[in-house]
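K.L.:
This is the structure I have questions about; it appears just below.
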Amino acid sequence: MIRVASLSILLIFYFSSSADPLYDIELTVAREGFDGKLCWVHARAGAIPSENISSPLVVMTLQKLDISGSDVFYALNEMRTQNGGVSWTDPQEHASFARVPFSWKGEEDLEITVCDFWPRWHPQSEKLIGIGHTVVYENNSVKLVRPRGIAYAVYKPDQHRWTDWRTVELPNESKFENAGAGCSQRFDLPNGELLVPFYFKETHSNQYSTTVMRARYENEEIHYLEHGSELTVPIKRGLYEPSITRFEDRFYLTMRNDDHGYISISDHGLDYSEPKKWTFDDGSDLGNYNTQQHWVSHSDALFLVYTRSGANNDHVARHRAPLFIARIDPESLQVIRSSEQVLVPEFGARLGNFGVTEISETETWVTVTEWMQASPKEMRAHERVREDSDRLIARGANNRIWVAKLKWNQPNRSSFIP
């Protein structure tokens with residue numbers, strides 16, 4: 001079934017001006033509505049080229065979250081549009097991503113599935129390849145000590161389905177027993193090889209390291225070839241949820257840490273500089289912490305999309321809304337404060353888990369859902385979960401699936417455009 005995006009939102013936000021002369025923002029909603037128990041999360045999309053260059057088939061993956069627990073996810077769903085997001089199909093659940101029984105080191109009664117998925121067009125093979133990671137549940141809660149794998153699947157557009165998911169075979173080392181690429185933005189090289197940033201740790205360790213894997217895609221399989229620098233900081237859980245892009249002649253890697261976001265650079269995509277905290281160009285801390293950041297790359301400029309504190313948003317869990325966009329100074333590796341603007345507004349709910357999709361030379365989308373869940377402290381008191389959701393609703397949140405369209409005023413000549 002095709003449904004039209006919320007007209008009330010379109011009327012308010014359809015033509016949003018931008019302070020940056022390189023783009024304008026068109027802010028739309030693909031779907032909204034909250035049942036009080038489950039909410040849509042992890043909305044990320046991939047674009048498959050079509051005869052109409054300006055309107056490819058866009059496949060958005062997302063999954064439901066049980067708000068009574070922490071990261072309690074269910075099977076992957078998809079929504080589609082082929083008219084530039086004017087209308088979307090209803091979410092379609094994929095049985096191939098349903099939880100299945102799992103055992104590990106003699107432990108039974110476990111379940112496993114895939115989450116934090118990100119589909120992205122691979123132009124050399126002309127395939128939409130989605131990458132995320134596995135998650136293991138015990139009694140419907142994320143198992144604290146667990147294995148993790150880099151999971152992937154390939155889309156079959158003629159059947160509107162994904163292949164059965166597999167995991168990348170990494171070197172047989174204990175440090176890779178818990179290794180994932182969830183929420184990670186990859187980069188595909190001109191020769192078709194994939195640069196996949198991922199993070200890893202010993203299963204009983206608390207601190208992650210980040211690295212970038214060079215991989216080959218062949219016969220619907222991703223094969224590990226090598227990985228580069230292993231980066232971490234001695235702060236809480238280290239560095240994780242990395243994302244990579246290339247601008248001009250360098251690669252840029254942004255990483256999550258519990259206290260600060262970090263940036264590192266590389267000439268060739270594998271060996272990276274010492275991680276540096278994200279700051280504004282006046283030297284002050286960016287204010288991003290304990291959540292991801294991703295890249296919007298244009299052939300003429302590099303942008304970071306992020307959340308941060310200090311925006312009259314103390315009422316938002318982990319300050320994960322609004323969603324900001326700003327230009328990056330590629331030399332100083334700082335965020336240009338004067339270029340910052342709100343990309344997606346906040347209505348009380350978190351917007352920290354999002355994706356970026358290159359649609360065409362004239363358009364890039366940022367997709368994100370309103371996460372209708374209590375703050376971490378309130379989640380510990382189960383009886384307050386619904387109360388907190390009611391407060392989000394009172395502030396205007398409604399589990400919207402936002403699609404923020406960056407309309408480029410100059411063509412984007414980046415090599416990864418579909």
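K.L.:
For D281, are the conditions met, namely being over 23 Å from R400 (Cα atoms) and loosely packed, with under 15 Cβ neighbours inside 10 Å? So that I can check it myself, show each step before the final result.
P.N.:
On the way: over 23 Å from R400 (Cα atoms): yes; loosely packed, with under 15 Cβ neighbours inside 10 Å: no.
Answer is no for this residue.
K.L.:
Filter segment 133-151 down to residues that are part of a strand (DSSP E or B) and either charged (D, E, K, R) or in contact with a Pro (Cβ under 8 Å, 6 or more places away or on another chain) (or both), then give me how many there are. Spell out how you get there, then give the answer.
P.N.:
In the first step, residues of segment 133-151 are kept if they are part of a strand (DSSP E or B); the result is 133-138, 141-142, 148, 150-151.
From the residues that got through so far, the ones that are either charged (D, E, K, R) or in contact with a Pro (Cβ under 8 Å, 6 or more places away or on another chain) (or both) too are 134, 136, 138, 148.
Matching residues across segment 133-151 total 4.
K.L.:
Among residues belonging to segment 322-351 that are among the hydrophobic types (A, V, I, L, M, F, W, C) and without any contact (Cβ under 8 Å) to a residue 40 or more places away in the chain, point out the one that is nearest to S284 (Cα to Cα).
P.N.:
Looking only at segment 322-351, we keep the residues that are among the hydrophobic types (A, V, I, L, M, F, W, C), and these are 323-326, 328, 333, 335-336, 342-344, 347, 349, 351.
Applying the additional criterion that residues be without any contact (Cβ under 8 Å) to a residue 40 or more places away in the chain yields 324, 326, 342.
Details: F324: 16, A326: 15, V342: 19 Å.
Residue satisfying both the conditions and the ranking: A326.
K.L.:
Let me ask something else. Would you say G192 is buried (at least 20 other Cβ atoms within 10 Å of the Cβ) and either in a strand (DSSP E or B) or modelled with pLDDT of 95 or more (or both)? So that I can check it myself, show each step before the final result.
P.N.:
Details: buried (at least 20 other Cβ atoms within 10 Å of the Cβ): no; either in a strand (DSSP E or B) or modelled with pLDDT of 95 or more (or both): yes.
Spelling it out, it is not the case that G192 is buried (at least 20 other Cβ atoms within 10 Å of the Cβ) and either in a strand (DSSP E or B) or modelled with pLDDT of 95 or more (or both).
K.L.:
Then there's this: Report whether or not S141 is farther than 24 Å from E221 by Cβ and touching a residue at least 60 places away in the same chain (Cβ under 8 Å).
P.N.:
Spelling it out, S141 is indeed farther than 24 Å from E221 by Cβ and touching a residue at least 60 places away in the same chain (Cβ under 8 Å).
K.L.:
Next question. Kindly provide the set of residues from segment 258-302 that are of a type outside the set (G, A, S), touching a Phe, Trp or Tyr at 6+ places or on another chain (Cβ under 7 Å) and without any contact (Cβ under 8 Å) to a residue 60 or more places away in the chain, ordered by number.
P.N.:
D258, D259, H260, Y262, P275, K276, K277, W278, L286, N288, Q293, L302
K.L.:
Within segment 323-332, identify whether any single residue is at pLDDT 95 or above, crowded, with 20+ Cβ neighbours inside 10 Å, part of a strand (DSSP E or B) and in contact with a Pro (Cβ under 7 Å, 6 or more places away or on another chain), and answer yes or no.
P.N.:
no
K.L.:
Just checking, which of Y306, Y272 is at pLDDT 95 or above, more than 23 Å from T367 (Cα to Cα) and buried (at least 22 other Cβ atoms within 10 Å of the Cβ)?
P.N.:
Values: Y306 fails: more than 23 Å from T367 (Cα to Cα).
None of the other options fit; the residue is Y272.
K.L.:
Quick test for you: out of S103, S125, pick the one residue that is more than 29 Å from E26 (Cβ to Cβ), in contact (Cβ under 8 Å) with a residue 60 or more places away in the chain and more than 21 Å from the chain's Cα centre (by Cα). Give the derivation first.
P.N.:
On the way: S103 fails: in contact (Cβ under 8 Å) with a residue 60 or more places away in the chain.
Being more than 29 Å from E26 (Cβ to Cβ), in contact (Cβ under 8 Å) with a residue 60 or more places away in the chain and more than 21 Å from the chain's Cα centre (by Cα) holds for just one of S103, S125, which is S125.
K.L.:
Quick check on segment 13-66: of everything there that is under 23 Å from P123 (Cβ atoms), in contact with a Gly (Cβ under 8 Å, 6 or more places away or on another chain) and among the hydroxyl-bearing types (S, T, Y), which residue is modelled with the lowest pLDDT?
P.N.:
S54
K.L.:
Based on this model, can you work out whether R320 counts as basic (K, R) and modelled with pLDDT under 95?
P.N.:
no
K.L.:
Something else now. Could you run through segment 239-264 and say how many residues are outside any loop (DSSP other than H, G, I, E, B), surrounded by fewer than 22 Cβ atoms within 10 Å (Cβ to Cβ), under 21 Å from the mean Cα position of the chain (by Cα) and not hydrophobic (A, V, I, L, M, F, W, C)?
P.N.:
Count: 1.
K.L.:
Quick one: count up the residues across segment 213-238 that are closer than 20 Å to N172 by Cβ, crowded, with 17+ Cβ neighbours inside 10 Å and in contact with a Ser or Thr (Cβ under 8 Å, 6 or more places away or on another chain).
P.N.:
Residues meeting the conditions: 2.
K.L.:
If you don't mind, another one. Wholly within segment 41-106, which strands (runs of 3 or more DSSP E) include no fewer than the required count, namely at least 1 residues that are of a type in the set (D, E) and surrounded by 19 or more Cβ atoms within 10 Å (Cβ to Cβ)? Working first, answer last.
P.N.:
Values: elements: 57-66, 73-81, 87-89, 100-104.
Per the criteria, 73-81.
K.L.:
Out of all the residues in segment 191-211, is one or more in contact (Cβ under 8 Å) with a residue 60 or more places away in the chain and charged (D, E, K, R)?
P.N.:
There is no residue in segment 191-211 that is in contact (Cβ under 8 Å) with a residue 60 or more places away in the chain and charged (D, E, K, R).
The values are calculated or read from the model by the stated rules, or taken from the named source; none is laboratory data. This is a predicted model, so every value here is computed, not measured. We place every Cβ from the backbone using ideal geometry, glycine too, and count neighbours over all the protein chains shown.
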